[in-house]
Structures are given as structure tokens and as C-alpha cells.
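Where a number appears in this text, it was derived from the coordinates with a stated rule and is not lab data. Predicted model only: the values in this text are computed from it and were never measured. Backbone-built Cβ (ideal geometry, glycine too); neighbour counts: all protein chains shown.
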Amino acid sequence: MRILRPLVLGALLAGAFYWYTTHHSGPNPADYIARPSKVELTEAAAPPAFDSEEQTNIEVYRKAMPSVVNITSTAVAFDFFYGPVPQEGQGSGFIIDKEGHILTNYHVIANAREVEVTLHNKKKYRATVIGRDRIHDLAVIQIKAAALVPATLGDSTALVVGQFVYAIGNPFGLSGTMTRGIISSLRPIQTPQGAEIGEAIQTDAAINPGNSGGPLLNSRGEVIGINSMIATGGSNQSAGIGFAIPINSAKAAINDLITMGRVRRPSLGVRTLSIGPEVAQEMALASDYGVLIIEATPGGAAERAGLHGGNQRAYIGNTPIMLGGDLIIAIDGEQIGDQQDLMNAMNKHQAGDTVTVTIFRGKRKMDVKVVLGEMREQA
């Protein structure tokens with residue numbers, strides 16, 4: 001008992017000390033702060049007045065947002081054991097008519113088993129894929145819904161570097177996001193499928209994964225492009241360099257996508273070489289600009305119209321070419337200075353259209369009527 005009594009007394013003292021220190025931390029300094037009876041804040045006297053740029057931003061968003069949609073696509077991949085694994089992707093698009101047709105990128109809905117569209121009012125609809133253009137990264141899907149608001153499609157032929165542009169979409173799934181920038185450049189770019197887009201719109205407006213297929217707008221809220229690609233530098237997010245397909249290129253394809261499910265891209269059926277003054281002088285050509293027909297595809301539009309490819313082997317560096325073919329200098333009266341001009345001329349037409357091709361055959365200038373063929377996807 002004599003041994004236990006000090007131990008019990010020590011335990012009681014330790015417990016009492018612990019209880020006192022944890023429940024009595026001393027006086028709270030806040031108890032001695034003088035508190036006012038009312039807090040006076042400085043508040044704005046009236047709602048803020050927006051400046052002209054802010055007002056433009058607001059008007060563009062209000063006009064365009066009802067037409068912009070979020071697209072969720074579900075595809076099926078297979079795991080290591082060949083088991084089906086659903087994969088979900090997100091992108092954007094915009095309504096182009098009251099029948100519920102929506103324009104977007106091909107890569108947004110590629111290989112999708114199911115496609116779902118969410119409108120600006122959060123209503124969701126199952127969508128049907130109506131048409132695909134894999135090479136040029138375009139697609140049209142359709143939903144059945146009432147009171148749809150189509151976007152206003154602008155004109156992308158008169159764009160100017162430096163003008164303000166606006167991107168609206170669903171970056172990283174953040175629906176209804178708008179960013180602003182300028183047109184940084186107008187340049188040809190190549191799609192991941194290998195097709196070249198002439199006069200693609202380069203912009204520094206922030207475009208990120210999920211923006212694909214959404215509209216690029218001018219300051220009047222008109223669609224001038226379809227946001228499609230970004231240069232990331234390996235970071236998989238915006239680096240201030242994004243690209244949009246010009247809306248005029250898409251407008252030329254919409255009718256075919258909806259009525260046929262594919263695009264009848266026109267083709268001359270030629271392989272060409274761009275000609276400049278130095279090359280023209282070296283080859284003793286009749287013009288110092290144009291595209292020289294190296295080869296006319298057998299059975300193609302050019303060969304059917306009587307245009308000639310080359311028949312004399314020569315070399316540019318180590319690359320063999322055939323010289324002696326017709327030199328194209330204009331189509332429908334518009335000068336063709338290089339292969340980009342030729343591609344731009346083709347983008348203004350559809351397969352089956354008849355065009356007037358102006359050529360030099362030797363020193364003789366000629367106009368030849370050509371019925372354009374159809375460029376097959378595998379080409």
C-alpha cells in the first residue's frame with residue numbers, strides 16, 4: 001500500500017495538470033479587442049459601365065453561346081486481354097440550322113459508338129453522325145430538338161492579321177468558356193491526316209483540348225473558323241498557337257456531308273511543280289509563274305480534257321521529274337502562281353464542275369475546259 005499510494009497520487013496530479021492545461025489556455029486576446037457596432041464599407045454607387053471592348057465581348061458571347069454545344073463521344077477500345085473498355089472524349093461544335101445539324105471536327109467523333117450533345121441550357125440529346133470528311137477533319141452530326149438557334153456563318157476570305165477573334169467551347173470539359181485573341185497569321189497547315197488546309201487561321205486565343213470543333217468568331221459574333229488544332233510544345237495545352245479551319249472551306253463541304261455523308265472534293269488529276277522566274281528561265285518556259293504538269297493521272301480529269309504531263313526526264317537536285325508538260329497559269333481567269341493557288345481554286349468548286357484552265361503548251365497559250373473529277377480519300 002505504501003508503494004501504490006505515491007503512484008496513485010502522481011497519476012492524479014498528472015491528470016489534473018493535463019486537464020487544466022487543455023481546458024484553460026489563458027485569457028483570449030480577442031476578448032479585449034474593441035469592436036465597432038457597425039462595419040462601414042466603401043461600395044460602388046451604381047452598376048459598372050462597360051467599356052467598348054468589354055461590351056463587344058459580352059455581345060459576342062450572348063449572340064454565339066446559344067449555338068455552341070458540348071459533344072461527348074464514347075468509343076470502345078480493348079485492354080491487354082482484348083476486353084472491351086469504353087473510352088470517352090469531349091469536344092465542341094455549333095448548330096448550323098434549325099433541323100439540328102451541328103458542325104464539328106472529324107476527330108471529335110471518330111470511331112464513336114455513341115455521341116451525346118449538351119446544349120447551352122444543359123439539355124442533353126443523343127446525336128446521329130450524318131457525314132464525315134476524315135482528311136479535312138470535318139463532320140456533321142444531328143440532334144432532334146426544338147427551338148434551336150443556328151450560328152451565323154461569316155466569310156473567311158477577307159480576314160486580316162491583327163483583328164480580334166473569339167473562341168467558345170468546352171476546354172477540359174469547362175462548358176461555355178470564351179477566350180479572346182487576334183488572328184496571328186494566315187498560313188497553310190497540314191492536318192494529322194496529311195491534307196493541307198490553305199489559309200488556315202492561326203490565333204493566340206487560348207484553345208485547349210475540348211475546344212476542337214467549336215467556333216472561332218469575329219467581333220460581330222459570326223463564325224469565321226472551326227477550332228481544330230493547337231501547337232503545344234509537348235504540354236498538351238495551349239501555348240498561344242492555335243489553328244482553325246476557315247469557315248468557307250467548311251461551307252463548301254456542308255451540303256455534301258448532309259446529303260451524301262461524304263465530301264466530293266474536286267480534283268484535276270495532276271501532279272505539279274511550282275514555277276518561279278529562275279526555274280522558268282532555266283527551262284525556257286513561256287511564263288515565269290504557274291504550275292507545270294509533271295504527270296496527268298490516267299483516266300483523271302486533266303487527261304480526259306487533253307492536258308499533257310511531262311515526257312522528258314530531268315532532275316531537281318536528286319529528285320527525278322518529268323518536263324515537257326503543260327504549264328497552268330490560270331483557272332477561270334484567276335492567276336495560278338503556285339500549288340497553293342491551285343488548291344485554293346479547287347476549294348471553290350465541287351467534283352463535276354466545269355472550269356476553264358489556261359495553259360501554255362510550249363509557246364502557245366490555250367484555254368481548256370475541264371470537268372473536275374473527285375479526289376478519293378486514299379489519295
Packing rank of 268-280, 92-104, where each peptide gets the mean count of other beta carbons within 10 Å, highest leading
92-104, 268-280
Ranked by how many other beta carbons lie within 10 Å on average, peptides 182-189, 37-44, 208-215 from highest:
208-215, 182-189, 37-44
Hey, which of these cross-link pairs are over 31 Å Cα-Cα: Lys122/Lys251; Lys124/Lys348; Lys63/Lys144; Lys251/Lys369; Lys251/Lys363?
Lys124/Lys348; Lys251/Lys363
What ranking do 135-143, 156-164 get when scored by the average of other Cβ atoms within 10 Å per residue, highest first?
135-143, 156-164
For Thr272, what residues show an amide H to amide H distance below 5 Å, using hydrogens built from the backbone and excluding near sequence neighbours?
Ile294
Neighbouring Cβ atoms within 10 Å as the yardstick, rank Tyr32, Tyr106 fewest first.
Tyr32, Tyr106
In order through segment 137-146: 3J(HN,Hα) via Karplus (6.51 cos²θ - 1.76 cosθ + 1.60), integer Hz, x for Gly, Pro
6, 10, 7, 10, 10, 9, 10, 9, 8, 9
